[in-house]
Amino acid sequence: MARRERYLVGLDVGTSNVCAVVGEIHDDNSLHIVGLGAAESRGIKRGVVVNLEAAVESIKKAIEEAELMAGVEIDSVHLSLSGSHVKGFNSRGVVAVAGRNREIRPGDIDRGHLRPEGAQRLDDAFEHGIAPIPARLSDAARAAFGWRVADERLAALLFDSTDSELVGVRGTASDRRSFRYGSGEFVIRVHLTPLTIVVMIEPPLSVACRLVTEEGSTGHRTDDLGEVVADAPDLPLRIEVDLPSGTAVTPWITG
């Protein structure tokens, strides 16, 4: 299964909260939740966007949190949106089927979709005040998913030592943990112990980086060998690295 096909993303835009959830599809077709994101809903009232900029910011925040937790980039969602302005219509398409055997072929189905009986009712609904989605709103929605390109890029998880635990080796799971992330041409290595954290950049480069926790962030800089050693912060933790191509952000390390 391709990497993109392995994930399903749901986005619920409500009056109180905007929530995003990322589910990973396993080989047995079971779905496991791997990412969650939530933000206070602003600019939305009863399912209607009343402040476009505020609504976009709420969606961006929820998507960002879900991406960082799941370690994947989100470029499409299954959207849940309700309100008195959202209406549904049942339609039936009727076409004449010619031929001795009167076999229904794919072309007949396509013709039935071209002008279903309910299409006129949908046209009438637009004439009675249910306006199409404005182009400005569509553009802003696309921009909400492209926010990463401008300032930050989510680093891809390449290796997690808990997924490759060595049987019979002491101190692997409880004493230390190693990660490897990729961002463009650079690799970010992280070694975490109960007392220290080591961040290494490959190829070696002296860059600014930050250790971000729920309490805030602390700034550091790697040396000419691309390494920095610091006291181990509390979890959950993520690392921001200012690379030449932009800021790379690792997914949250939760334990």
How many residues of the range 26-54 are farther than 21 Å from Thr254 by Cα and either in contact (Cβ under 8 Å) with a residue 24 or more places away in the chain or not aliphatic (A, V, I, L, M) (or both)? The answer is 18
Go through the range 20-55 and report how many residues are β-branched (Val, Ile, Thr), surrounded by 17 or more Cβ atoms within 10 Å (Cβ to Cβ) and modelled with pLDDT under 85. 2
Condition first: in contact with a Ser or Thr (Cβ under 9 Å, 6 or more places away or on another chain) and surrounded by fewer than 17 Cβ atoms within 10 Å (Cβ to Cβ). Now tell me which residues in the range 179-190 satisfy that. Gly184, Glu185
When you go through (1) at pLDDT 60 or above; (2) assigned to a helix (DSSP H, G or I) one by one for Leu211, which number turns out not to apply? (2)
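The values are calculated or read from the model by the stated rules, or taken from the named source; none is laboratory data. This structure is a prediction, so every number in the text was calculated from the model and none was measured. Cβ sites come from the backbone with ideal geometry, for glycine too, and all protein chains shown count toward neighbours.
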